Every structure is written in C-alpha cells, then in structure tokens.
Amino acid sequence: MAIGKKNVLSALESVLYFPKGDNVINLNMIQDISIEDKKIRFVIFFPSKDEKNEQVVRDSCIKAVKEAAGNDYEVEATIKTPGNSLEGIKHIIAVASGKGGVGKSTVAANLAVSLSKTGAKTGIIDADIYGPSIPLMFDVMNSRPQVYEKEGKTWIVPLENYGIKILSIGFFVDPEKALIWRGPMASNALKQLFNDSDWGELDYLVVDLPPGTGDIQLTLAQEVSVSGICIVSTPQEVALADARKALSMFNQKQIRIPVLGLIENMSYFSPAELPDNKYYIFGKEGGKKLAEKANVPLLGEIPLVQSVCEAGDKGRPSAMDKDTPVSNAFDRLAENVIRRLKEM
C-alpha cells in the first residue's frame, strides 16, 4: 500500500511530547516530510534543547510511522533545535494582557529596566507584531540592528540602550504603514526574532506579547521554553474579564506556560503635587480579587501617574528614575517576579 504525507501526519498524532502536554503534530514539531523510493524522511523540531526527551520522541515517531507504513518502508527522523540563540538565556518572561489599552508594553519595558537594575543581564523582545512600541519606549526608533553571517546562517544583533538588549519587528517595517500580515506570517516573524538573533548570555529576556489570545501566543507556547508569564490588567471589570480569559488560556494543558501572577496597572491615581494621595478612579482591588480567585500572586500594583506616559513617549522608562512612587513600584514588581521564579 502506498503511503502519503497525510498518513505520516496521522500516525504521528499518537506521539506525545510530554513537557508540552500534546502530540507532536498539534505542537508543529514535524517538518520537511518527504517520501521517496520507499524511504520516509522528516524533521522533528524541538523548541529548545531537550536531551532528556529528544531520543525518546524520535524513537516513538519512527515506531509510529513504521507501524502505519509497513515493513516495506524505511523511516528516517532528524532532530532539529533552534541552535544556540536561546541557550544562554536563563529565564524568558512573557508579559501578556487579555485586551489592549491596559499598559502592557509600558509594564514590560519598565519591568526589564527594574530587572536590569538588580545587576542582571536583561533583554526585551517586542512580540507585539501588529503594534510594536518598544522602539519608541527605549529611544531607538531610528536605529536598525546589524546582521552577520556565521556557518551559512544570518544572525541579527539586538540593539542596546540603557544596558538592555532590544529587538522588535518595528525595526524591520515602515512605522508609518499598517502591518497587514496573516497569522502564519506573523508567527514566522516571531520565530526569527527568537531563533535568528544573537542574544548572548542573559539572565532575563522579557517578551512583550500582543493583547489577546491568538496566533502569537500559541507560537510562543509551542516554539519557546518560557519560564513564566505575567498577566497585566487594570482594576476595572471590563479589563479583568479579558484578563480571566488570558489566565484561562495559559493554564490549558496544551499551552502549559506557568503563570507567575497578575500585575494591576493604573491601580490608583496620585497627583504630582499630592504624591501620598490615592484616587481609585478605575475601581479598587479588582486585581487583588482576581488573583485570589485564580490562585496566583498579585505581583504588583502600578500607580497611574502622568510621568509614566511622558517617560515612555520620550524613550526613557520611568523605572530608571530614583526613589519615585512609580520606580519603587516597578522595583517591587521585579523583586516579586524574581522571587516567584525561584519558587517555581
């Protein structure tokens, strides 16, 4: 009986990759299937180096395809990993939100700065493919990363400002034009930012995700070994409702990214002339109540202060200031994230 690619894919659906809790087909781990002269070849792509499971998965894939194809066919499977682009990174921390407009990118940028202030080697990757804002927040809008060739592969060198390595899709597109990409194109762009970039040695790589629960989030879960994810919301119920969806998505077994906790942005308003006064204009303790209900920590409560917006627009994150209510809030957030990573 002749066997085709559909038969191979169907057979491989029975092979699970346990660290991600799903089969190798749903996780997009199978690439480059070819069938020639009774020989079946394919590549098994692992999102990160996993010596413990690579051989087990390879043997299981070969066995499953042989059982489907019969003894007339020879089966060859090759293991592929992203290379060494992510091997020097200790922790990848994703920052997500259920909806736009809650200050997710501002939180991601300032979290990266506060992590760097602890002495840690830190980078940030702007995975908000359709609305990249990290170049503006780090004052590198008019800069472009360099590239170099090594062993037949082109590598991207992240930019650096304020001691933080920075990479964004915004460096490669016209900032004045809308990015009209279908899901697969956006996902492939994200893979390149991770796997074709020379990040070097980093303690933390912060990932600013787009809002919602779509292709980019799924690609991240499937392709990258993420240490944990932080969900950003404001205290108002309309934002918390979407934060619940984001929490639900990352808790699903086929995603399995550990949730570090919830970050409540715009928790309260403090006027510059009355810094000790707190006005809860979006509601009070909404983030705390959601965190308790979801059984995750409330990692931080970030005040709504005019200087935060102004600092982002000027390309100098507020966390760089010394001993202000906002910088202190972001520093506490960084401390809580580090503590949570150690606990997990």
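The values are calculated or read from the model by the stated rules, or taken from the named source; none is laboratory data. Not measured: the values here are computed from a predicted model. For neighbour counting, all protein chains shown are included, and Cβ atoms are generated from backbone atoms with ideal geometry for every residue, glycine included.
Considering every residue within the range 217-228, establish whether at least one is in the same structural domain as VAL147 (by TED's automatic domain parsing), loosely packed, with under 15 Cβ neighbours inside 10 Å and farther than 21 Å from PRO297 by Cβ. Within the range 217-228 (the criterion being in the same structural domain as VAL147 (by TED's automatic domain parsing), loosely packed, with under 15 Cβ neighbours inside 10 Å and farther than 21 Å from PRO297 by Cβ), the answer is no, since none of the residues qualifies. If I filter the range 263-274 for residues that are within 29 Å of GLY88 (Cβ to Cβ), surrounded by 17 or more Cβ atoms within 10 Å (Cβ to Cβ) and under 14 Å from the mean Cα position of the chain (by Cα), do I get at least one hit? The answer is no; no qualifying residue exists.
For the range 325-344, taking the residues that are among the β-branched types (Val, Ile, Thr) and modelled with pLDDT of 95 or more, the one that is surrounded by the most Cβ atoms within 10 Å (Cβ to Cβ) is identified as VAL337. Of the residues in the range 238-248, at least one is aliphatic (A, V, I, L, M) and under 16 Å from the mean Cα position of the chain (by Cα).
Selection of first residues in the range 147-172 that are assigned by TED's automatic domain parsing to the domain that holds ASP203 and part of a loop (DSSP other than H, G, I, E, B) and of second residues that are basic (Lys, Arg) and surrounded by fewer than 11 Cβ atoms within 10 Å (Cβ to Cβ), restricted to Cβ pairs under 9 Å at least 6 apart or on distinct chains, gives the following pairs, ordered by first then second residue: PHE172/ARG144. Say whether the condition of being among the charged types (D, E, K, R) and out of contact with any strand residue (DSSP E or B) (no Cβ under 9 Å at 6 or more places or on another chain) is met by at least one residue in the range 230-241. Yes, some residue in the range 230-241 is among the charged types (D, E, K, R) and out of contact with any strand residue (DSSP E or B) (no Cβ under 9 Å at 6 or more places or on another chain).
Being without any contact (Cβ under 8 Å) to a residue 24 or more places away in the chain and in a loop (DSSP other than H, G, I, E, B), is that true of even one residue in the range 233-243? For the range 233-243, residues without any contact (Cβ under 8 Å) to a residue 24 or more places away in the chain and in a loop (DSSP other than H, G, I, E, B): absent. Cβ separations smaller than 9 Å between residues 6+ apart or across chains give the following pairs from the range 190-217 residues that are at positive phi to residues that are in a loop (DSSP other than H, G, I, E, B): GLY200/GLY88; GLY200/LYS121; GLY200/PRO158; GLY212/GLY98; GLY212/LYS99; GLY212/GLY100.
Among residues of the range 271-300 being basic (Lys, Arg) and closer than 16 Å to THR234 by Cβ, the one that is modelled with the highest pLDDT is LYS289. Is one or more of the residues making up the range 307-316 closer than 25 Å to SER114 by Cα, modelled with pLDDT of 85 or more and not acidic (Asp, Glu)? Yes, that holds for at least one residue. Of the strands (runs of 3 or more DSSP E) lying entirely inside the range 1-92, not one is found with 3 or more residues being of a type in the set (Lys, Arg) and not assigned by TED's automatic domain parsing to the domain that holds PRO184. Test of understanding: among SER14, SER60, which residue is over 30 Å from LEU247 (Cα atoms), among the polar types (S, T, N, Q) and surrounded by 14 or more Cβ atoms within 10 Å (Cβ to Cβ)? The unique qualifying residue is SER60. Across the range 118-169, the qualifying residues are those that are closer than 21 Å to LEU209 by Cα and among the polar types (S, T, N, Q), and the one among them that is surrounded by the fewest Cβ atoms within 10 Å (Cβ to Cβ) is ASN161. Just to verify a result, which residue in the range 183-214, among those that are small (Gly, Ala, Ser) and surrounded by fewer than 17 Cβ atoms within 10 Å (Cβ to Cβ), is farthest from the chain's Cα centre (by Cα)? Among residues in the range 183-214 that are small (Gly, Ala, Ser) and surrounded by fewer than 17 Cβ atoms within 10 Å (Cβ to Cβ), the one farthest from the chain's Cα centre (by Cα) is GLY200.
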